[in-house]
1. Could you please let me know if ASP17 is at pLDDT below 95 and acidic (Asp, Glu)?
2. Within the range 51-72, can you find the residues that are within 18 Å of the chain's Cα centre (by Cα), within 15 Å of the ligand (Cβ to nearest atom) and either surrounded by fewer than 22 Cβ atoms within 10 Å (Cβ to Cβ) or part of a helix (DSSP H, G or I) (or both)?
3. With (1) more than 15 Å from the ligand (Cβ to nearest atom); (2) touching a residue at least 40 places away in the same chain (Cβ under 8 Å); (3) more than 27 Å from GLU204 (Cα to Cα); (4) of a type in the set (Gly, Ala, Ser) as the list, and ALA125 as the residue in question, which single condition is left unmet?
4. Looking at (1) more than 14 Å from LEU47 (Cα to Cα); (2) touching a residue at least 60 places away in the same chain (Cβ under 8 Å); (3) surrounded by fewer than 21 Cβ atoms within 10 Å (Cβ to Cβ), which is the one condition that is false for ALA209?
5. If you check VAL158, VAL110, VAL167, which single one turns out to be assigned to a helix (DSSP H, G or I), more than 12 Å from the ligand (Cβ to nearest atom) and closer than 25 Å to GLU204 by Cβ?
Amino acid sequence: MRCRKGNRQRAAPHVLDLPSTYDRAVPAQVMSRRMSSMVMGVLVAALLKSPQWEIATRHPFLRAVGEGTASTFGVWLAQDALFVADLVAFQARLVARAPRSAQELLARGVVGLVAELDWFDVQAASLGVSLDVKPMRATRGYQALLSQVDEERYPLAVVGLWVLERVYLEAWRYAETCGVAGPYAAAMAHWTDPTFATYVAALEELAGAAYAQETDHAVEGVVRRVVAQEVAFWDMAEQGAG
Ligand code: HMH
């Protein structure tokens, strides 16, 4: 089966190059919701064009998942369960330092992640995969990045959270275009679920408001590091080692 359009060749990694076509001199307080979503629109448009984003969302592993030939799927599953456990810790701390208006969404996200850990147990049992594994290199690398982002100011941390969820949504949407009937259909259905998409859109609102308080440089740094870790994670999943 043919997957959705897009260059699936492995391009050389590039730094995300986000254009600065908007006026960052506007104070955060007067930045309306509408304005922050415009700002996000610029960020998203730039992201979608970046070669790293292309690799992170159209990785050969995702294609193999869609086509039902991903022999290392169990490796991905167990490593991603470890990642989600790390994300629970990161996001719980983010709730604690978020502005009041963002706390409910982020807290609901934590509850969702905890439920996700149950989902991993169910998938592992049905595929006969053990989740009792050590974190591989890319999983440890991502854990280190989450710890770094944990030290960043809240606005940068919430942008990081939004990117890591958005990239995942796009990645699984791509996998689905390569086939939906194979043995990994449950994973694709799970990560492309409209509830997840709605959550990512809500995070985008938070990230947009937060983005308005930061410099382009700082935001780009977080986005670039997250996307790079996503690529490393798929590489690990594809190789089944790392
Ligand atoms: C590697 N990135 C990775 N795993 C995930 N489960 C998500 C993002 C989304 O939660």
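1. Spelling it out, ASP17 is indeed at pLDDT below 95 and acidic (Asp, Glu).
2. GLN52, TRP53, ILE55, ALA56, THR57, PHE61, LEU62, VAL65
3. (2)
4. It fails just one condition, (3).
5. After ruling out the rest, the residue left standing is VAL158.
Okay, residues lined up against (1) under 15 Å from the mean Cα position of the chain (by Cα); (2) farther than 23 Å from GLU116 by Cα; (3) aliphatic (A, V, I, L, M):
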{"site": "ALA171", "(1), (2), (3)": "yes, no, yes"}
{"site": "ALA181", "(1), (2), (3)": "no, no, yes"}
{"site": "MET188", "(1), (2), (3)": "yes, no, yes"}
{"site": "TRP191", "(1), (2), (3)": "yes, no, no"}
{"site": "PHE196", "(1), (2), (3)": "yes, no, no"}
{"site": "ALA202", "(1), (2), (3)": "yes, no, yes"}
{"site": "VAL223", "(1), (2), (3)": "yes, yes, yes"}
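The values are calculated or read from the model by the stated rules, or taken from the named source; none is laboratory data. All figures in this text were calculated on a predicted structure; none of them were measured in a lab. Cβ atoms come from the backbone with ideal geometry, glycine included; neighbour counts cover every protein chain shown.
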